[in-house]
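> Quick one: this structure, given as structure tokens, is what I'll be asking you about.
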Amino acid sequence: MGYDLLGELMLSATVEMERKKVLVVDDEFNILDLIRRALVAAGYDTITAGSALDGLLALQDNPVSLLITDVKMPGMDGLDLMRQVREISPDLPIAVISGYGTEEMAAAALEHGAFYFINKPFNVESIQEVARKGMRLPTPNVALSPKLTSKVRQRIEISVAPDIEMIKNACALVSHTSRLMGHASAIFAVKIPFVLDELLVNEMKWRQGLSPQVENKVVVLLEGNSVVMEIQSPEPVFTEARLPKGFFEMDYSEDSPAGMRMILQFADSIIFEANGRKARVVIS
């Protein structure tokens, strides 16, 4: 290809931008204040807005790293807000909260580019974890060139230590490769990094006390419009019991199952092998 793709991707994956400020939009003051206090306690600068219109104005005046918005609001609702936000800041991670959660509403939010959907009521820890997930999503506006075509087949094989920064860089590497291949932004900016991050972070939690220093082997095959990701763990942690049964079958206040449940929305298939040492995910 005439240039060091892997070297360029690894370099760009380690470029850190200050991603600390969160914009929260909700017409219920008590909810807005609860989320604000939870995020401030977690170390994030937080801007609040009581309507979608105020949220748009705040977004235009402030460098924001994450948007958390309600859906049902008087006047402009959350989905309309997301549509306009995508015109102002197409790469901004967006999480959606709602007290009227249905599968159709969740699907609509994800189609509008949300990386996470959570129902009310929720607990403080859930909001803080959503913010951490959003901040770990890679920034796809890093300049990378030249652009590959979808006809190119890319195979990435890396070892990833059980460390948040290593996991973040691995997700960025795969995300940027997908972007270079011409995949849609919903794939390279949301689905790939979220699914890979969720599996690696949970794998790290599940094997605490077993072999915490042993690295995982991650193999990703990107070809045309399909992405196949395999994570090989040194311990049998990918058991069938870890797989969520359905998108709305678990308590939304339970954060870890909620994150795993999001994978069902982003992945075309997910399989945990019988020996518990490998997870395989296909995204088209």
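Just so you know, all these numbers are worked out from the coordinates, no wet-lab data involved. This structure is a prediction, so every number in the text was calculated from the model and none was measured. We place every Cβ from the backbone using ideal geometry, glycine too, and count neighbours over all the protein chains shown.
> Just list whichever of Lys72/Lys120; Lys217/Lys245; Lys205/Lys278; Lys168/Lys191; Lys133/Lys191; Lys168/Lys217 have alpha carbons separated by over 20 Å in the model shown.
Lys217/Lys245
> I need the P(r) histogram for the range 21-136: all alpha carbon pairs, bin width 10 Å from 0 out to the longest distance, whole percents.
Reading upward from the zero bin: 15, 55, 30, 1.
> Can you pull out the GluC sites (Glu not before Pro) in the range 169-245 whose DSSP state is coil and whose Cβ has at most 16 other Cβ atoms within 10 Å?
Answer by residue number: Glu215.
> Please report, in cubic angstrom per residue, the volume enclosed by the convex hull of the alpha-carbon atoms of the range 153-283.
101 Å³
> Once the other residues with Cβ under 13 Å from the Cβ of Asp197 are scored (Lys, Arg +1; Asp, Glu -1), what is the net sum?
Residues close to Asp197 contribute a combined charge of +1.
> Enumerate by residue number the GluC sites (Glu not before Pro) in the range 12-95 meeting two conditions: DSSP loop (anything except H, G, I, E, B), and at most 16 other Cβ atoms within 10 Å of the site's Cβ.
Of the GluC sites (Glu not before Pro), the ones in loops of the range 12-95 whose Cβ has at most 16 other Cβ atoms within 10 Å are Glu16, Glu18, Glu28.
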